[in-house]
Structures are given as C-alpha cells and as structure tokens.
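Enquirer: Quick one: this structure, given as structure tokens, is what I'll be asking you about.
We did not get these values from a lab; they are worked out from the coordinates using the rules stated. For clarity, every value in this text was computed on a predicted model and none was experimentally measured. Backbone-built Cβ (ideal geometry, glycine too); neighbour counts: all protein chains shown.
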Amino acid sequence: MGFFDKLKQGLSKTKTSFDEKINVAFSSFRKVDEDLLEELEEILIMSDIGFETSTNIINNLRQRIKRENIKEADQVKEALREELEKILDIGQKELQLNTKPSVILIVGVNGVGKTTSIGKIANRLKKDGKKIVIAAADTFRAAAVEQLEIWANRAGCDIVKKQEGADPASVVYEAIKITKENNADILICDTAGRLHNKKYLMDELEKICRVIEKEMPEASKEILLVLDAGAGQNAIAQVKAFKETTNITGLVLTKLDGTAKGGVIFGIVNENKIPVKFIGVGEQIDDMEIFNGKDFVKAIL
C-alpha cells in the first residue's frame with residue numbers, strides 16, 4: 001500500500017465525519033452566501049477543530065470569496081482546502097538531527113502512545129542507516145520499561161534501563177555516555193507522563209533537559225510531544241501544560257486510525273504554532289508516517 005492510500009485508510013473515520021458533513025452542506029445550499037459560511041463554521045467546530053480556529057478559517061474564507069468573487073461551491077471547497085493546508089504549513093516539519101550524536105526527547109501523558117511511537121520512530125531512523133540508543137527514563141512504571149524494551153528489540157536498537165524507581169535523569173546520563181562510547185547517531189529518551197502529579201513530573205523533565213544540555217551542549221535536539229488524536233480538545237490542554245516546561249519542537253499525533261477526531265490537529269497547530277512531525281495511522285511498526293499537511297487535508301476533504 002502506498003503512503004497516500006495508507007494515510008487515507010488510516011484517516012477513514014475522520015474523513016467520514018468531516019467530508020460527508022461538508023458535502024451535505026454544499027448540496028443543501030444553492031448559492032454561496034452567509035448561510036453556507038455559517039453552516040461550514042458549525043461543521044468545523046463540531047469536527048474538533050475548535051472555536052477559535054474554525055472562526056479564523058471562515059473569516060479568511062469570507063474575505064477570499066469577496067476578493068476573488070467566488071460564486072461556485074467547488075471553488076469554495078477548494079479555497080477551504082487551501083485554508084486548512086495553510087494552517088498546517090508551519091515550522092520545520094523534518095527532524096533536525098544535524099549533529100552526531102543528536103537527541104530526541106519524547107514527552108506526553110500516559111496512554112497516548114509514547115512507547116509505541118518511540119519504537120516506530122526508531123525503526124524509521126534505523127532503516128535510514130542510523131545507529132540508535134534508547135533511554136528508558138520512565139522509571140515510575142516497570143511495565144513502561146518492559147514495553148519499551150520489546151519495541152527496541154523489534155527495531156534492533158540498544159536500550160539503557162535501570163531498576164523501577166531509579167532517578168530518570170540518571171538513566172539519561174548513562175544513556176548519553178553509552179551513545180558516545182558506541183558512536184551512535186541518535187539518542188531517543190522516553191519520559192514519564194503522570195500529568196496529574198504535574199509539579200513533580202515537570203521538575204523531572206526540567207532535570208532531564210539540564211542533563212542533556214550539560215552533557216551534549218552542541219547536539220541537535222528535538223523535543224517531541226506525543227498526543228492521542230482521540231483526546232480531541234483535551235489534547236490542546238496537554239500542549240499548553242508541556243509548553244510551560246519544555247521547548248517543544250514538534251508533535252506526534254497517534255491513533256488517528258481509531259478516531260473521528262482527527263480535525264483536532266488544526267486547532268492544536270493553529271493555537272500553538274508547533275509543526276506536526278509524525279502521525280500514527282496503525283499498530284504495526286512501520287505505521288508511523290512523516291507528516292505532510294497537503295496529503296492530510298486531501299485525505300479528509
């Protein structure tokens with residue numbers, strides 16, 4: 001299956017929810033007028049895009065209709081598609097790993113798919129010929145380390161781990177040492193995700209960041225926040241919480257194949273100006289795709 005077909009299949013629930021409603025709106029209105037725009041705005045809001053982002057999209061659409069004297073429904077739909085693409089076309093979408101070694105720090109709350117995302121990203125990078133070390137720095141849950149070890153083995157990567165309850169920053173420190181000794185290309189660090197204990201969690205995250213900065217000051221660093229697409233508007237709150245502590249460079253959106261709430265991606269990007277770098281559209285090790293905004297919009301509209 002080609003990339004676009006896989007993406008389209010993975011986004012089928014979002015497409016059914018989003019595209020069908022849009023098409024019904026266009027077939028219900030005989031002319032391009034304010035009633036059509038209000039209907040489209042309501043559909044965008046109901047598709048988890050969010051109130052603020054939906055309002056911005058429709059305002060831009062309204063201006064374009066006037067400016068370009070748009071009269072046909074197909075032209076409006078094409079303009080809507082372009083407005084959605086524009087939102088996603090921000091920042092540096094490719095991983096910026098320009099040094100050897102480089103670091104990828106993975107953050108996010110429990111249950112969003114951090115561990116599987118690490119395995120899938122490591123697998124992609126390994127296929128590109130990179131030597132990877134994975135740091136199991138979520139030491140609060142023994143199950144997290146065990147699961148990460150399974151994914152590391154699948155991807156053929158080295159893993160650095162310690163006993164349950166060990167200091168997470170000490171695991172990262174040890175992993176940095178091994179990354180340098182083994183002349184590895186990339187260190188990927190897992191982290192804990194207990195947002196209900198926010199102060200402690202964020203302090204741990206800051207400590208890990210300080211260790212990386214001290215031991216690898218010249219290294220390229222990516223901090224990727226993993227979000228479950230099915231969380232809808234709650235995902236936006238998670239971005240805000242992690243932004244307070246870490247300089248997030250990119251987003252990983254998981255479980256898109258199991259939700260109709262894929263539209264949340266537009267609200268997240270629009271409100272935070274952080275690019276999506278990867279999307280998960282399945283459960284297999286190669287079901288992690290480099291994000292392409294145009295293909296994403298095409299797959300749902």
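Enquirer: Relative contact order of the chain: what whole-number percent is it, with Cα pairs under 8 angstrom and at least 6 residues apart?
Expert: Computed value for the chain: 28 percent relative contact order.
Enquirer: Residue farthest toward the positive end of the dipole of the chain, with Cβ of Lys/Arg at +1 and Asp/Glu at -1: which of GLN238, ILE300, TYR173?
Expert: TYR173
Enquirer: Can you compute the helix-only [θ] at 222 nm over the chain? Use -39500 (n - 2.57) per DSSP H run of at least 4 residues, normalise by all residues, nearest 500 deg cm²/dmol.
Expert: Estimated from H runs of four or more residues: -16500 deg cm²/dmol.
Enquirer: May I ask which of LYS13/LYS243; LYS180/LYS207; LYS114/LYS277 have a Cα-Cα span longer than 23 Å here?
Expert: Check vs 23 Å cut-off fails for LYS13/LYS243.
Enquirer: Calculate the radius of gyration of the Cα atoms of segment 179-246 to one decimal place, then report Dmax, the largest Cα-Cα distance, as a whole number, both in Å.
Expert: 14.1, 43
Enquirer: For every other residue with a beta carbon closer than 14 angstrom to the beta carbon of GLN163, add +1 if it is Lys or Arg and -1 if Asp or Glu, then tell me the sum.
Expert: -3
Enquirer: So, one more: Where does each of ILE65, ILE178, ILE118 land when they are ranked from fewest to most other beta-carbon atoms within 10 angstrom?
Expert: ILE178, ILE65, ILE118
Enquirer: Here's another thing I want to ask about it. Rounding to the nearest 20 debye, state how big the charge dipole of segment 198-260 is about its Cα centre with +1 on each Lys and Arg Cβ and -1 on each Asp and Glu Cβ.
Expert: 220 debye
Enquirer: Answer with one residue from THR99, VAL76, ILE150: the one whose Cα lies farthest towards the positive end of the charge dipole of segment 67-163, charges on Cβ with Lys, Arg +1 and Asp, Glu -1.
Expert: Comparing the listed Cα positions along the dipole, ILE150 ranks first.
Enquirer: Let me ask you something else. Using the basic label-point model (7 angstrom from Cα toward the beta carbon), what is the ASN69 to ASP167 distance in nanometres?
Expert: 7.2 nm
Enquirer: Within 9 Å, Cβ to Cβ, of ILE186, how many net charges do the neighbouring residues add up to if Lys/Arg are +1 and Asp/Glu are -1?
Expert: Computed value for this residue: +2.
Enquirer: List the residues, sorted by chain then number, that are 5 or more residues from GLY250 or on another chain and whose placed amide H is less than 5 Å from its amide H.
Expert: ILE223, LEU225
Enquirer: Then there's this: Rounded to a whole number, what is D in µm²/s for segment 1-127 from Stokes-Einstein with the Kirkwood radius over alpha-carbon pairs (25 °C, 0.890 mPa s)?
Expert: 138 µm²/s
Enquirer: On to the next question. At most 11 other Cβ atoms within 10 Å and a DSSP loop assignment: could you name the trypsin sites (Lys or Arg not before Pro) in segment 9-43 that fit?
Expert: Within segment 9-43, the qualifying trypsin sites (Lys or Arg not before Pro) (loop, at most 11 other Cβ atoms within 10 Å) are ARG30, LYS31.
Enquirer: Please get the size of the charge dipole for the chain, origin at its Cα centre, with Cβ charges of +1 on Lys and Arg and -1 on Asp and Glu, quoted in debye to the nearest 20.
Expert: On the way: 45 positive and 48 negative charges, 97 e Å.
I would put it at about 460 debye.
Enquirer: Using +1 on the beta carbon of Lys and Arg, -1 on that of Asp and Glu, and nothing else charged, what's the dipole of segment 170-301 about the Cα centre, debye to 20?
Expert: Around 540 debye, computed over segment 170-301.
Enquirer: Based on a Kirkwood Rh over C-alpha pairs, give the Stokes-Einstein translational diffusion coefficient of segment 1-73 at 4 °C and viscosity 1.567 mPa s in µm²/s.
Expert: So the translational diffusion coefficient is about 96 µm²/s.
Enquirer: May I pose another question? So which of LYS71/LYS255; LYS120/LYS177; LYS6/LYS126 end up more than 32 Å apart by C-alpha?
Expert: LYS71/LYS255
Enquirer: Here is a further query. For SER28, SER17, SER170, what's the fewest-to-most ordering of other Cβ within 10 Å of each Cβ?
Expert: Ascending number of Cβ neighbours within 10 Å: SER28, SER170, SER17.
Enquirer: Please sort through the DSSP H helices of the chain and keep those with an alpha-carbon extent of at least 18 Å along the long axis and a Kyte-Doolittle average not below 0.0.
Expert: Membrane-span-like by this rule: 142-155, 168-181.
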